[in-house]
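Student: Structure provided below as structure tokens; questions to follow.
What follows draws every value from the coordinates through simple rules; no lab data is involved. Keep in mind it's a predicted model, so treat the numbers as computed, not measured. Virtual Cβ from ideal backbone geometry, glycine too; neighbours counted across all protein chains shown.
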């Protein structure tokens, strides 16, 4: 079967199967009718169906469309990485940056007071034109990157994480995407696991990453409203963020400095520039980021370029995996009160999904409890089976979507991620809530 | 290579899981009901299948009980009622194991269940059911009834009726009662029918100011807020709504048309605490919704089985209690089964004596009746005698020391019977009805009658219009039967004694003979033909075919000559191929007695007035003047008589097939269908007589002829129906009667005597 035919067939299977389940949910009359559960179930499936529909039929990679604005001169890109105690992987990361096909680029690495031999590793690259800033004191990722940006000359900032590796054409694709439209304020790249082959856990995470990007970000990208330009490969237009760096690096939540959610929050400034930009500029009027340059406030579009690829190291132990999830949940919680304030100004569909998502994150554990514990305890063992079947079904659909993109067999691990998510991860939201003030930045 | 294959297999496995998950979801959403019920159904299906297999093997080893032989058709139908079936001794219901034993015993004894529809047909007189038919019912719709009974029903091929409480049966979940799904499953099995038991009426209501609780249907409700009882109108409205709802909810819930209602607790108002007239209102209201309503009647005040009666809406059921063995149940059913005449009871065991009040027991080969605490008498009747018509009931009384001893006849229930009341020096004939007791006759003071207190033979003789009491075989008084007395009924005993004395009676043996049936055809009248015997307007006769039997000028006869055009008979028989377009309905004439006899002598005088050479294909040498005996139905009977070809024959008809038992040429001549079609003398009175009796398991029939009508009976021939030939012998009591073909015939002096 030709690849494109196989692609179409898989897409039809996904859409039809999901539609069937949706129709089923609509006509289904449970023995104990409950309007909330009824609406909830329909909403969940409708969202998944629309996600797939937009990702497969409406999304086009902005990096591959071709620029409407041919430029004589390629824009200068500042590629920045903050690193702390990553002596083993930072070299791979920098090597992949040095190997970029894109020509006009400066590379700035900020060493956030590493206590291992990172500093020595970095020194080797200074000869190859890599600018290294060694901080005396541990400031955290945001402040470290702010330091880099203060000296950056690029029109476009590309960030990557110290434990990530870029594809050789990654920066080029990001720039291509920016070139599509001057109103594109940020570009998210496509990210997979670097250490996918290590064990089952990393394989599961890898299969999950695929869908998080090629389906969820693709959906948001259709509306130019990607909510999180993820750390491993994040491109920002200088104009879109430069004035807000002081607000970003000084982010506080519940009266304490909030050190997580670097990427999510930074994306938030791009998305919310019009609604809060003026206020923030006034607030940090004395910051060099504001005094040096003054950029207009625009309705930036935030898009996702599937062809701009990066790989990041994912946790290899379950404990580390959980810690990462808790960190993400905290970021989510923080951004609920940040992005949530203005995201409703974005197109209706992604906005609706965004707020429903917030609802699902909180009601998910309660519903899982109902079906997996409460009803079986009351004697209805079938409910747990049916609930798990529903969860697995969604996992399988994402698995098939993985298969659409990749030829390898890792799609089979995707349902396990759904299961893990339902059985373990959804519950972490409460833990994250209660520990959100304990928020020192720590990686790995 | 290998890892790739493993990977491929793994992917295939995952695809299979995916399809599985998808089918589960499809099942959840599109086959919700099926899936919801699936686990429970699977569990119960497995349990039931195992129970079925167990029951099946139990059945094979179950011994065949000793029982009476099933003969002919059932005259009455017993209905058994169970509730739940208990698994352990700690519940009061019949044990599941006991139930199994009951059904196996019944099945091995030749009993078969009937459906509600068959019962209805039987009650309407539209269908004959074989002897040993019974209706199996359960009340309440309890889970255990279904789960324990169904495997047994499957093994025995029985069906049952479940009287369900709609309020419970329509629920989706219940620990005790059957749920909607289970009831539907029962219906689908084809072994269960659903009828109504109640909606709310199985719950108790407050029936008095002090919080007394009582049965819903038989008491007036107490309204605590208003401090009053409901009015009769409110009572009527409440129970009427209940009946209607009980029906509608089941009908709509299960797609049935319920026409039968079983009273919760068997209480149709008789157990009322605060409303004396409850019974009357309850029956009236239930009958508006349900053509038939069921109550428990054991111990009873009347016969325990149900007799065909199209308009009877009170249906009796026999409660089967805990600790009833299979044998005990069979005996109970045997006692209620219709008895034929003559009946002799040496009282070695209970053949159906049912106490109504006082104490009566079979003990030491005697029947003892004795009043007990507070009751000034005792009454017992013999079950299975409801259809007895004319008989001579004699009792050998060992002793009696009560004030009086009564022999009861035409007993229908404790409020409907005739009696001969024997006192020391007088005998009275009385009629007891619902309203009062009427003395029909008493021996005058002038006539000295001595009723021995010991070793006496007392009797009551019931004939069509007379009641006669006898002492030592001598009739001491007679009375005319009142107009309103029942035409059928059984026998019983009653003792009365002033309270406190407890005088009773001891009976040695009982003998009941059919009174001989003598028909002189003296009363001018016409007995019209009817479709079934129950519809006949005549007390003695049923004209099964031939239009009518005419009684005039002191003789009976077939219709004579051609029926006038457009008369009722002509029109009724216009399409009948044997009647020349209705002109001669009498061509095929069948006159059947309504009474039955077993061993009996039957005789008649007859005169052939005319023979008709009809072109009917049924006119042949077998036509003649013949007497039926043991006429069970139109296809199972014996007949004996003389034929147009001059022969005397004795034949048997078994399941519609004729078998010749005897043949002898009597009248000379050469028979020829066209030229010489009748060798029997015309316009000559002759006598025909048969003797029918059982001997060593065979049926013997002797045919006599009185050629010159001068009392000179000549034995013509004898036929024997032995076992294992021509189908089953008809050994039981059945009807008698006269058959003629293609003739106008007059009859006189018909009589049947028990031999």
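Student: With n ≥ 4 as the cut-off for DSSP H runs, can you work out [θ] at 222 nm for chain B, using -39500 (n - 2.57) per run divided by the number of residues, rounded to the nearest 500?
Tutor: -7000 deg cm²/dmol, from helical runs alone.
Student: Okay, next question. If one computes the Cα centroid of region B:412-460 and of region B:18-81, what distance in Å separates the two points?
Tutor: Each part reduced to its Cα centre gives a spacing of 57 Å.
Student: Now a separate question. Give me the distance between the Cα centres of region B:487-553 and region A:392-441, rounded to whole Å.
Tutor: Using only Cα atoms to place each centre, the spacing works out to 91 Å.
Student: Quick one: plug the Kirkwood hydrodynamic radius of chain B (C-alpha pairs) into Stokes-Einstein at 37 °C, 0.692 mPa s, and report D in µm²/s.
Tutor: 110 µm²/s
Student: Over all pairs of distinct alpha carbons, what does the Kirkwood formula give as the hydrodynamic radius of the protein assembly as shown, in Å?
Tutor: 39.7 Å is the Kirkwood radius here.
Student: Along its three principal axes, how long is region A:331-397 when you only count alpha carbons? Whole Å, largest extent first please.
Tutor: The Cα atoms of region A:331-397 stretch 46, 24, 19 Å along their principal axes.
Student: With springs only between Cα atoms under 10 Å apart, run a GNM on chain A and tell me which of A:433, A:80, A:417 wobbles the most.
Tutor: The residue with the greatest mean-square fluctuation here is A:433.
Student: Looking at the P(r) of region B:196-256, how many percent of alpha-carbon pairs lie beyond 20 Å?
Tutor: That fraction is 32 percent.
Student: Based on the alpha-carbon gyration tensor of region B:517-754 and its eigenvalue square roots a ≥ b ≥ c, which shape applies: rounded if a/c is under 1.5, prolate if not and a/b is larger than b/c, or oblate?
Tutor: Here region B:517-754 falls in the rounded category.
Student: Which value in nm describes the separation of the simple spin-label points at residue B:464 and residue B:532, placed 7 Å from the Cα toward the beta carbon?
Tutor: Distance between the two pseudo-spin positions: 2.5 nm.
Student: Moving on to the next point. Treating the angle as unsigned and between 0 and 90°, give the value, to the nearest 10°, between the Cα long axis of helix B:232-254 and the longest Cα principal axis of chain B.
Tutor: Helix B:232-254 and the main axis of chain B meet at about 80 degrees.
Student: Once both labels are modelled 7 Å past Cα along the beta-carbon direction, what's the residue B:609-residue B:33 spacing in nm?
Tutor: If labels sit at residue B:609 and residue B:33, their model points lie 6.8 nm apart.
Student: On to the next question. If each residue's Cβ is checked for other Cβ atoms within 10 Å, how do B:658, B:750 rank with the fewest at the top?
Tutor: Result, fewest neighbours first: B:658, B:750.
Student: For region B:467-552, what's the relative contact order in percent, using C-alpha pairs closer than 8 Å and at least 6 residues apart?
Tutor: 18 percent
Student: Based on the Cα coordinates of region B:483-637, what is the per residue volume of their convex hull in Å³?
Tutor: It is 176 Å³ per residue.
Student: Classify chain A as rounded, prolate or oblate from the Cα gyration tensor: take a ≥ b ≥ c as the square roots of its eigenvalues, call it rounded if a/c is under 1.5, otherwise prolate when a/b beats b/c and oblate if not.
Tutor: prolate
Student: So, one more: If you find the alpha carbon centre of region B:250-273 and of region B:656-712, how far apart are they in angstrom?
Tutor: Region B:250-273 and region B:656-712 have Cα centres spaced 57 Å from each other.
Student: How large is the translational diffusion coefficient of region B:345-514 in µm² per second when you combine the Kirkwood radius over alpha carbon pairs with Stokes-Einstein at 25 °C and 0.890 mPa s?
Tutor: For the chosen part, D equals 158 µm²/s.
Student: Sticking with this one: P(r) tail for region B:83-228, what percent of Cα pairs lie past 20 Å?
Tutor: 58 percent
Student: Summarise the partner chain shielding of B:31-37 as one whole number: the mean count of Cβ atoms from other chains within 10 Å of each residue's Cβ.
Tutor: For this peptide, the per-residue mean of nearby foreign Cβ atoms is 2.
Student: To continue, here is another question. Going from the alpha-carbon gyration tensor of region B:624-755, what semi-axes, largest first and in whole Å, does one get by taking the root of 5 times each eigenvalue?
Tutor: 25, 17, 14
Student: Go ahead and estimate [θ] at 222 nm for chain A from helices alone: -39,500 (n - 2.57) per DSSP H run with n ≥ 4, summed, over the residue count, rounded to 500.
Tutor: After summing the helix terms and dividing by the residues of chain A, the value is -15500 deg cm²/dmol.
Student: Another question, then. Projected area of region B:1-141, taken from the Cα convex hull and averaged over every viewing direction, in nm²?
Tutor: With the hull built on Cα positions only, its mean projection is 16.6 nm².
Student: Once a ≥ b ≥ c are taken as the square roots of the eigenvalues of the Cα gyration tensor of region A:62-314, is the result rounded (a/c under 1.5), prolate (a/b larger than b/c) or oblate (a/b not larger than b/c)?
Tutor: It is rounded, given that a/c, with a ≥ b ≥ c, falls under 1.5.
Student: Let's test the formula: R0 of 35 Å, r as the Cβ-Cβ distance of residue B:487 and residue B:361. What FRET efficiency results, to the nearest 0.05?
Tutor: 0.65
Student: For a quick check, take a GNM of chain A with Cα springs below 10 Å and name the residue from A:426, A:32, A:222 with the largest mean-square fluctuation.
Tutor: Fluctuation is largest for A:32.
Student: How high is the relative contact order of region B:517-754? Use alpha-carbon pairs under 8 Å, at least six apart in sequence, and give a whole percent.
Tutor: 26 percent
Student: Something else about it: Using a Förster distance of 25 angstrom, determine the FRET efficiency expected from the C-beta separation of residue B:540 and residue B:568, and round it to 0.05.
Tutor: E(calc), rounded to 0.05, equals 0.65.
Student: With a point put 7 Å past each Cα toward its Cβ, work out how far residue B:713 is from residue A:91 in nm, to one decimal.
Tutor: It is 13.6 nm.
Student: Quote the relative contact order of chain B in percent (integer), defining contacts as alpha-carbon pairs under 8 Å separated by 6+ residues.
Tutor: Relative contact order of chain B: 9 percent.
Student: Here is a further query. Multiplying the sequence separation of residue B:396 and residue B:49 by 0.36 nm and subtracting their Cα-Cα distance, what value in nm do you get?
Tutor: Going from the current span to full extension adds 119.3 nm.
Student: Any idea what angle helix A:318-336 forms with the longest principal axis of chain A, computed on alpha-carbon atoms, 0 to 90 degrees, nearest 10?
Tutor: 80 degrees
Student: Against the globular-protein guess of 2.2 N^0.38 Å, express the Cα radius of gyration of region A:59-203 as a ratio, rounded to two decimals.
Tutor: 1.10
Student: Can you give the translational diffusion coefficient of region A:301-444 in µm²/s, computed by Stokes-Einstein from the Kirkwood radius over Cα pairs at 37 °C and 0.692 mPa s?
Tutor: It diffuses with D of about 186 µm²/s by this estimate.
Student: On C-alpha positions alone, give me the angle between the axis of helix B:180-189 and the longest principal axis of chain B, in degrees, nearest 10.
Tutor: Taking the Cα atoms of chain B, the angle to B:180-189 is about 40 degrees.
Student: A further question on this structure: If you restrict to DSSP beta bridges whose two residues both lie in region A:62-314, what percentage is antiparallel, to the nearest 5?
Tutor: 30 percent
Student: Here's something else I'd like to know. For region B:223-337, what percent of Cα pairs sit more than 25 Å apart?
Tutor: Tail fraction, whole percent: 37.
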